[in-house]
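The structure appears below as C-alpha cells.
No lab work stands behind these numbers, since they all come straight from the coordinates. In this text, all values refer to a predicted model and were calculated from it rather than measured experimentally. Cβ atoms come from the backbone with ideal geometry, glycine included; neighbour counts cover every protein chain shown.
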Amino acid sequence: MAKRLFVSVDIDGLGDAVAAVQDSFDGVSGLRVTDPEQAHVTLKFLGDTDPDRVADIVAALETAVEDSGVDPFRAEFGGLGVFPSLSYISVVWVGVRDGQGDTELTALHKAIEDRTVAMGFDPEDHEFTPHATIARMDHAGGKETVQTVVENDDPDVGRLQVDEIRLKESELEPDGPTYRTVGSVSL
C-alpha cells in the first residue's frame, strides 16, 4: 500500500512557542490549528509513494544535500503569513526570518526538487516559501480576525539548529494527520 510521503525540516523543541502563537487565534470560527509538536517546514511533498522506493528516495536526498552545499545552520522562526492570500485564506503559517535560515532552506528545497523530479515526482507548481503551517481555515467565519492578527502580530517563535532533513510519512486520521519519520539525512 502506498505511503503519503514528504521531506521536511522538523521544528523540534519549539512546540510550546508554536502553541503560544496559535493561542492568538483561540476560538476563531472556521480555523483549525495543527499539532504544535508536529510543526515542520515541508521541503518537498512527494504524495502517495510505493514503500519500495523509500531507500532510493533517501539515497536521492543524500545526493541532494551534497548538491545543495548546505552545512548545519541556525534558523529563526517568526512572523505570520497566509496562503494563498489575505483575501482568501486556507493556511496560516509561521515563517523563517530573512537571512536566518531561509537561504539554506531554499537551497535544500531546490536540490531536493531537482533530484525528486528526476525520479518522476511531480514538480512544485508554486514558488517555495519556507514556513511551518500552524492552522488551516475550513470556512471564512473568522477571516477578519485572522487577517487582523496576521497583519499586526510579529511573533518570535525561536531559533533552531538544523542538522538534518527527514523523509516523513503522513497518516491521515479523523482528528488530523500523524507523522512518522521513515528516513533522515544529515547535513
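Here are a few things to note about the model shown:
- LEU46 passes every criterion in (1) at positive phi; (2) part of a strand (DSSP E or B); (3) not hydroxyl-bearing (Ser, Thr, Tyr) apart from (1).
- Residue within region 20-31 that is buried (at least 19 other Cβ atoms within 10 Å of the Cβ) and outside any helix (DSSP H, G or I) present: yes
- Test result for GLU169, surrounded by 11 or more Cβ atoms within 10 Å (Cβ to Cβ) and either part of a loop (DSSP other than H, G, I, E, B) or acidic (Asp, Glu) (or both): yes
- Criterion (more than 17 Å from the chain's Cα centre (by Cα) and touching a residue at least 24 places away in the same chain (Cβ under 8 Å)) met by exactly one of VAL33, VAL28, VAL21: VAL28
- Any hit, region 130-139, residues being crowded, with 22+ Cβ neighbours inside 10 Å and farther than 22 Å from PRO36 by Cα: no
- Any hit, region 141-158, residues being in contact with an Asp or Glu (Cβ under 6 Å, 6 or more places away or on another chain) and surrounded by 19 or more Cβ atoms within 10 Å (Cβ to Cβ): no
- Remark: pairs (first residue in region 79-103, over 17 Å from ALA20 (Cα atoms); second residue assigned to a strand (DSSP E or B) and of a type in the set (S, T, N, Q); Cβ separation under 8 Å; 6+ apart in sequence or on different chains) = VAL82/SER90; PHE83/SER90; PRO84/SER90; VAL91/THR133.
- Filter result for ARG180 (outside any helix (DSSP H, G or I), surrounded by fewer than 16 Cβ atoms within 10 Å (Cβ to Cβ), within 15 Å of the chain's Cα centre (by Cα) and of a type outside the set (Ser, Thr, Tyr)): yes
- Within region 116-140, residues that are free of Cβ contacts under 8 Å to residues at least 12 places away in the same chain reach partners that are part of a loop (DSSP other than H, G, I, E, B) and loosely packed, with under 13 Cβ neighbours inside 10 Å with beta carbons closer than 8 Å, at six or more positions or on different chains, in the pairs VAL117/PRO123.
- Qualifying residue in region 150-159 (condition: closer than 27 Å to VAL58 by Cβ, touching a residue at least 24 places away in the same chain (Cβ under 8 Å) and assigned to a loop (DSSP other than H, G, I, E, B)): no
- Qualifying residue in region 76-93 (condition: under 22 Å from SER186 (Cβ atoms), in contact with a strand residue (DSSP E or B) (Cβ under 6 Å, 6 or more places away or on another chain) and exposed (fewer than 13 other Cβ atoms within 10 Å of the Cβ)): no
- Some residue of region 108-129 being in a strand (DSSP E or B) and of a type in the set (A, V, I, L, M, F, W, C): no
- Residue satisfying all of: in region 95-127; more than 18 Å from VAL162 (Cα to Cα) and among the hydrophobic types (A, V, I, L, M, F, W, C); surrounded by the most Cβ atoms within 10 Å (Cβ to Cβ) among these: PHE121
- Looking at VAL117, VAL162, VAL157, VAL146, just one residue is hydrophobic (A, V, I, L, M, F, W, C), more than 17 Å from the chain's Cα centre (by Cα) and over 21 Å from GLY47 (Cβ atoms), and that residue is VAL146.
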